Amino acid sequence: MMLDGLYQEIILDHYKNPHGRGLRDPYDGEAHHVNPTCGDEITVRVSHDLNEISYDGVGCSISQASASVLHELVQGKDAAAASEIHHAFVELMQSRGQVEADEEILGDGIAFAGVAKFPARVKCALLPWMAFKDAAARAGVEVGVSPEVKA
Amino acid sequence: MSFDVERVRKDFPIFEREVNGHPLVYLDSANTSQKPVQVLDVMRAHQERYNGNVSRSVHTLGTESTEAYEGARARIANFIGAASPDEVVFTKNSTEAINLVAHSLGQMLRLGPGDEVVISEMEHHSNLVPWQLLCERTGATLRWFGITDSGRLDESSLDDLVSERTKIVSLVHMSNVLGTINDVSRIASRARDVGALLMLDCSQSVPHLPLDVSSLGADLIAFTGHKMLGPTGIGVLWGRLDLLAQMPPFLAGGSMIETVTMGGTTFAAPPARFEAGTPPITEAIGLGAAVDYLTGLGMEAIHQHEQDITRYALDALTSVPGVRIFGPETVEGRGGTVSFGVDGVHPHDVGQILDALGVEVRVGHHCARPVCSRFSVPAMTRASFYLYTTTAEIDALARGLDQVRKVFG
C-alpha cells in the first residue's frame, strides 16, 4: 500500500514512544504553534545553550513523531549544528521527495522523506520545527532560515 | 416512493473514477457535494450559448441570461417555500450571507452596549466569527447556548439567554459536526416574544431535508449551493421581504442602486440592494438546475434514504472496537453527518489511511473548533452522506477502520 512511505516503522515508534516529551523548567525561550486547518498544537521550550529542549502538544502521528525526532537530534547540539539539522529537515520536507536525505545529519529524520510526497502532511511534520525555531530565537539562538511553508 | 440509489449514482460522473487504486467512496458531502451531469450540462450550455451580463443589457443574450438567472431565483424561492422570489438574495456562499446580515442588521438595529446577540457552541465558524466581530464593533454582548453530552442544543437556560436585551439569535439548523438537527420551535417562539430576530444557518439542512421557510419560524436563513449539488461561488440569503426592505446595503457598487449622483445614492429594493456587482450568473443558474434535480427526486425521498444510510452507519461504526461517536447515536433528530474518534489514533492518521483505500472523509476541527473543545478532543473524523451514498460505501468505511486499527494497533 502507498502508505508504507508515510507511516515508516521509525515514525510509528517515535509516535508511540516519544523522546523527551513533557514541558520542563527552566527554559529561556518558548513558542506555541498551531496548525489552524487541523487544530494540531505544540509548545516547545529551549534553553539558551540548547542543552534542554522540551515540548508538549496534541496532534497526529506525523507531528508528534517529528517533535520526538527533533528532540533526539537537536538537544545538546550547538547553534551551528542545530541550524544545519534544521535546514536539512526543512529542505527534505519541501523536496516533494526529490532530495536524498543525509542520514549523517538527519538520523531518524530520514524516515520523513516519505511524508514530503504528501503535501497535506508536510505542515504536520514541520510544526514542531517551526515552533522550535521561534522558541530558540526567543532564547537568543538563531536557527536556520525561515522558509515559507506551502501545503 | 422507491429511491433507486444506483440510478442516481449514474448521474454523477465522478463515481466512475478510482482513488489510489480503489473505487471512490465519497463520504464528505457535508464539506462539498458532488455534481450531477444535469447541473454540469446546464452550466456549460449557458456559457456556450447564452452568456451575457444580467439586468442591464437590452440585447438578446443579456435578456436570455437575465431570464435564466431570475428563473433560477424563482425556482430556489419555490424550493424553500419563500413567499416571493424577491426574498431570495444571491450571495457567494453562506458565510457571505451571514456577514451581510451581521453588518446590515447591526446597523439597522443600532446595536450597542447593553444589547445581546445569542448564538450557540454548535456553530460553524461562519455563524460565530461574524457575530463576535459585530459585538466587538458595537459593544454588544455575545452569548451562547451550550451543547449537552448527547450532542443536543442545551435549551435549559432559554429564558435567561434570550431576553428583552436580545436583538438577534443566530443558530445552526443542522450541525456540520454532530449531525444534530435543531428543533428551533421553542427558541423561535421565545425570540418572537422578546422581539428578537432569528437567523438560521441552513447550510447543512436545505440540501438534505424538506424545508419550508413559511413554517420554520426564522426571519432569515443562509445556505450554500455547493453542498446541494450546485457549484461553488453561489449561496443564498433568504429573508422575510418586509425585513429585507428595511435592511441597509452591505456591499455597494453597480446593480444595487436606484439613482446615483455625486452627492449621494438611493438604493434598489431587495434582492438587488444586496447584489452589488456582476453576480455569479452561471453558478446561480447551476444552482437552479440542482434544485430541479433535487425536486425531481423529492426531498422527502432523499431524506428517507439518508436516514436509512445513517442508521446503517451508526450500527456499523458502533460495532468497530475503539470507535466513539460524537453526537446523537440514533437517527432521531439527526442527519447524515457522523463524527467519531478512533481510540489512540489521531483523525489525520485515520483520514490518511482511509484515503489510501479510496475512502474520502473529513478530518480536523471542521471549522467548528468549540464543538471539538466541548468534547475535549482537538479534532474528529467525519463521514457525511448524501443521496448517492450506499451501504456498500459504509462497509468500505468500516473495513478501512479495521485497517487503521491494524496500522496503529
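Brief remarks follow.
- Residues satisfying the stated conditions in the range A:81-105, i.e. in a helix (DSSP H, G or I), surrounded by fewer than 19 Cβ atoms within 10 Å (Cβ to Cβ) and of a type outside the set (A, V, I, L, M): A:E84, A:H87, A:E91, A:E103, A:E104
- Of the residues B:I394, B:I309, B:I325, the single one that is in contact with a strand residue (DSSP E or B) (Cβ under 6 Å, 6 or more places away or on another chain) and modelled with pLDDT of 95 or more is B:I325.
- Test: residue in the range A:8-21 that is in a loop (DSSP other than H, G, I, E, B) and at pLDDT below 90: yes
- Residue satisfying condition, being hydrophobic (A, V, I, L, M, F, W, C), part of a strand (DSSP E or B) and out of contact with any His (no Cβ under 9 Å at 6 or more places or on another chain), within set B:I119, B:I98, B:I76: B:I119
- Any hit, the range B:21-35, residues being surrounded by fewer than 18 Cβ atoms within 10 Å (Cβ to Cβ) and part of a helix (DSSP H, G or I): no
- Entry remark, the range A:33-47: residues being part of a strand (DSSP E or B) and more than 14 Å from every other protein chain (Cβ to nearest Cβ) number 3 in total.
- Residue match in the range B:383-403 (condition: within 28 Å of A:N17 (Cα to Cα) and part of a strand (DSSP E or B)): no
- Within the range B:322-354, the only residue that satisfies the criterion of being at the interface with chain A (Cβ under 9 Å from one of its Cβ atoms) and acidic (D, E) is B:D349.
- Residues of the range B:229-239 satisfying the condition of being part of a loop (DSSP other than H, G, I, E, B) and surrounded by 24 or more Cβ atoms within 10 Å (Cβ to Cβ): B:L229, B:G230, B:I234
- Residue in the range B:314-337 that is buried (at least 23 other Cβ atoms within 10 Å of the Cβ) and among the aliphatic types (A, V, I, L, M) present: no
- Residues in the range B:201-240 that are closer than 18 Å to B:V89 by Cβ and acidic (D, E) were compared, and the one that is nearest to the chain's Cα centre (by Cα) is B:D201.
- Failed condition for A:V74, given (1) surrounded by 21 or more Cβ atoms within 10 Å (Cβ to Cβ); (2) within 14 Å of chain B (Cβ to nearest Cβ); (3) in contact (Cβ under 8 Å) with a residue 40 or more places away in the chain: (2)
- Residues in the range B:162-189 that are polar (S, T, N, Q), over 26 Å from B:Q107 (Cα atoms) and either buried (at least 19 other Cβ atoms within 10 Å of the Cβ) or in contact with a His (Cβ under 6 Å, 6 or more places away or on another chain) (or both): B:S175, B:N176, B:T180, B:N182.
- Criterion violated by A:H87 - all others in (1) without any contact (Cβ under 8 Å) to a residue 40 or more places away in the chain; (2) farther than 16 Å from B:H346 by Cβ satisfied: (1)
- Matching residues, the range B:245-289, being assigned to a helix (DSSP H, G or I) and closer than 30 Å to B:Q47 by Cβ: B:A272, B:R273, B:F274, B:I281, B:T282, B:E283, B:A284, B:I285, B:G286, B:L287, B:G288, B:A289
- Screening the range B:355-382 for residues that are more than 8 Å from chain A (Cβ to nearest Cβ) and part of a strand (DSSP E or B) and picking the one that is farthest from A:P36 (Cα to Cα) gives B:V359.
- Matching residues in the range B:359-397 - criterion: being without any contact (Cβ under 8 Å) to a residue 60 or more places away in the chain, buried (at least 18 other Cβ atoms within 10 Å of the Cβ) and aliphatic (A, V, I, L, M): B:V363, B:V377, B:A379
- For the range A:108-123, taking the residues that are within 14 Å of chain B (Cβ to nearest Cβ) and in contact with a Gly (Cβ under 7 Å, 6 or more places away or on another chain), the one that is farthest from A:Q8 (Cα to Cα) is identified as A:K117.
- Enumeration of residues in the range B:9-20 that are without any contact (Cβ under 8 Å) to a residue 12 or more places away in the chain and assigned to a loop (DSSP other than H, G, I, E, B): B:K10, B:R17
The values are calculated or read from the model by the stated rules, or taken from the named source; none is laboratory data. As the structure is a prediction and not an experimental result, all values here were calculated from the model. Reconstructed Cβ throughout: ideal geometry from the backbone, glycine too, with neighbour counts over all protein chains shown.
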